[in-house]
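Derivation of every value follows stated rules applied to the coordinates shown; laboratory data play no part. Please read all numbers here as calculations on a predicted model, not as lab measurements. Cβ placement follows ideal geometry from the backbone for every residue including glycine, while neighbour counts extend to all protein chains displayed.
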Amino acid sequence: MKVTPLALKGLLLIEPVIFTDERGYFFESFNEDRFRKAGIDVSFVQDNHSLSSKGVLRGLHFQKPPFEQGKLVRVAHGSVLDVVVDIRKNSPDYGKSLSMVLSSANNQMLWIPPGFAHGFLALENETVFLYKCSNPYHKESESGIIWNDADLNIDWGLTNPIISSKDLELPSFKDLVSVF
């Protein structure tokens, strides 16, 4: 497993060792001991699995303390443009975003610690997105930022994604009162 720190402090790109032969491939998507040695000392309590059509955008989401979530995300089928925004008010990266393509072809994973808003855009039909969470879902703690926030100016690569009505009602970044 190769672990690479990314431009926003705390985010880690994880590239598993993939074993291939004539039958296909095998890789460990999670190994608690190896992750701890790589600096990801977390207990996961919930696994989530979503299926999205091409053009579906989910996010930008986070949960407020004490139910904040660290997430280990990856794509089992298809591909996404994965986006994170630093919402840690004392961070030098506050308000900065990072985007990357995660896919079943590259098998890369992203560790997103608490203090980041997260979202993704499905780039293919039948995209299967998996994420392990360090805290369970807690409805009263859920929050987010509108996907097309003018101050964040995230380039999603399209102007009319498919978005839930709930996500269309998320506040702007300037209206965010960060609890991180």
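Numbers at a glance
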| quantity | calculated |
| --- | --- |
| Residues whose placed amide H lies under 5 Å from that of Arg88, excluding near-sequence neighbours | Gly95 |
| Relative exposure of Met109, Met1, judged by other C-beta atoms within 10 Å (fewest first) | Met1, Met109 |
| Ranking of Arg88, Arg36 by count of other Cβ atoms within 10 Å, fewest first | Arg36, Arg88 |
| Net lengthening on full extension, Ala105/Leu158 (0.36 nm per residue, minus Cα-Cα) | 16.9 nm |
| Integer Hz, Karplus 6.51/-1.76/1.60 couplings in order for the stretch 136-142, x for Gly and Pro | x, 4, 9, 3, 5, 9, 6 |
| Packing-based exposure ordering (other Cβ within 10 Å, fewest first) of Thr4, Thr159 | Thr159, Thr4 |
| Value of [θ]222 nm, deg cm²/dmol, for the chain, DSSP H segments ≥ 4, -39500 (n - 2.57) each, nearest 500 | -1000 deg cm²/dmol |
| Percent RCO, i.e. relative contact order, over the stretch 82-180, from Cα pairs under 8 Å lying at least 6 residues apart | 31 |
| Karplus-derived 3J(HN,Hα), 6.51/-1.76/1.60, for each residue of the stretch 103-119, Hz, glycine and proline x | 8, 6, 7, 8, 6, 6, 10, 10, 8, 10, x, x, x, 10, 7, 9, x |
| The stretch 2-175 pair-distance distribution - Cα-Cα, 10 Å bins, rounded % | 9, 38, 39, 12, 2, 0 |
| Theoretical gain in end-to-end length, Leu51 to Lys2 [0.36 nm per residue, Cα-Cα removed] | 14.9 nm |
| Cα-Cα over 22 Å, subset of Lys96/Lys132; Lys2/Lys37; Lys96/Lys139 | Lys96/Lys132; Lys96/Lys139 |
| Label-point gap, in nm, between Glu15 and Glu32 - each point 7 angstrom along Cα→Cβ | 2.8 |
| Under-5 Å amide H pairs with Val56, H placed in peptide plane, nonlocal only | Ala122, Ile162 |
| Label-to-label distance, nm, for residues given as Val177 and Ser43 (7 Å Cα→Cβ offset) | 3.2 |
| Burial order of peptide ranges 136-146, 15-25, 74-84, 50-60 (average beta-carbon count within 10 Å, highest first) | 74-84, 50-60, 136-146, 15-25 |
| Relative contact order %, the stretch 2-175, counting alpha carbon pairs below 8 Å whose residues are six or more apart | 30 |
